[in-house]
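Structure record follows, encoded as structure tokens.
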Amino acid sequence: MSLCLLEDVRKTYMMGDVRVEVLRGVSLTIGAGEMVAIMGPSGSGKTTLMNIIGCLDVPSEGRYMLSGKDVTHMSDDELSRMRSEHIGFIFQSFHLLPYATALENVLLPTLYLDRKLDGRRKRAMELLALVGLEDRAQFKPSQLSGGQQQRVAIARALMNAPRLVLADEPTGALDSATAKDIMELLVHLNTQGTTIVVVTHDPEVASYAQRILRMRDGLIVEDTAGGS
């Protein structure tokens with residue numbers, strides 16, 4: 001069953017009077033439960049593609065279906081709702097609030113949801129336990145290592161039980177041993193049924209995925225099997 005379906009997706013930006021086509025007709029299906037890596041040099045379109053898959057942007061042309069819903073022409077409010085209900089994000093720079101504890105950072109995605117705080121705290125603590133940080137719940141980011149901060153970010157991404165997790169260079173700020181731990185955690189989440197899409201320039205990171213998409217000049221030029 002497909003979770004993400006892109007049909008001839010194009011994305012164009014105006015740079016002054018110059019029209020720049022960043023995506024030039026991308027068609028792609030990502031099945032529920034897959035782990036996919038997107039690779040490509042700077043300017044290849046991989047970040048723009050991730051932004052569209054993550055409902056942070058919409059196509060200029062073509063169609064994008066997420067979880068059976070056509071998001072191509074959704075309003076900003078509708079896109080925000082789709083992100084909240086379906087998608088978790090993990091970034092290279094963690095994006096943790098420095099003045100908030102690990103627990104409070106994990107709780108962030110639920111602040112505007114109509115749920116009892118006790119239930120949310122219980123789930124947040126369960127997620128911190130999942131990533132091995134239940135004993136660091138009251139620590140602030142400055143008291144955590146880079147790898148621990150990324151684990152908090154992963155727990156936060158899972159807070160709303162998303163079907164899809166997008167990871168943009170999730171190991172870029174980490175040493176190789178910590179990066180291996182983070183990728184093994186993402187693989188574990190994938191085996192539990194979460195669809196994972198990783199944007200990376202690192203072949204070692206990409207090798208953890210079941211599929212590797214390589215982009216160049218706004219097109220997917222290769223779609224191959226991954227695997228360490």
Somewhere in segment 59-71, is a residue in contact (Cβ under 8 Å) with a residue 12 or more places away in the chain, under 15 Å from residue 1 (Cα atoms) and in a loop (DSSP other than H, G, I, E, B)? yes
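Could you count how many residues in segment 2-23 are under 24 Å from residue 206 (Cβ atoms) and either exposed (fewer than 15 other Cβ atoms within 10 Å of the Cβ) or polar (S, T, N, Q) (or both)? Working first, answer last.
Keep residues of segment 2-23 that are under 24 Å from residue 206 (Cβ atoms), which gives 2-6, 9, 11, 22-23.
In the following step, the residues that additionally are either exposed (fewer than 15 other Cβ atoms within 10 Å of the Cβ) or polar (S, T, N, Q) (or both) were identified as 2.
Going through segment 2-23 one residue at a time, the tally reaches 1.
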Mind checking which residues of segment 153-181 are in contact with a strand residue (DSSP E or B) (Cβ under 9 Å, 6 or more places away or on another chain), in a helix (DSSP H, G or I) and of a type in the set (A, V, I, L, M, F, W, C)? 153, 154, 157
Residue within segment 31-38 that is touching a residue at least 12 places away in the same chain (Cβ under 8 Å) and touching a Lys or Arg at 6+ places or on another chain (Cβ under 6 Å) present: yes
Output the residue which, of all residues in segment 24-42 that are loosely packed, with under 14 Cβ neighbours inside 10 Å and part of a loop (DSSP other than H, G, I, E, B), is modelled with the highest pLDDT. 41
For the condition surrounded by 15 or more Cβ atoms within 10 Å (Cβ to Cβ) and modelled with pLDDT under 95, what is the one hit in 84, 80? 84
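Just give me the residues in segment 46-92 being polar (S, T, N, Q) and touching a strand residue (DSSP E or B) at 6+ places or on another chain (Cβ under 7 Å), in sequence order.
Our first condition is that a residue be polar (S, T, N, Q); within segment 46-92, this holds for 47-48, 51, 60, 67, 72, 75, 80, 84, 92.
Hits for segment 46-92 are 47, 48, 60, 67, 72, 92.
The values are calculated or read from the model by the stated rules, or taken from the named source; none is laboratory data. Keep in mind it's a predicted model, so treat the numbers as computed, not measured. Neighbour counts are summed over all protein chains in view; Cβ atoms, including those assigned to glycine, are modelled from backbone coordinates with ideal geometry.
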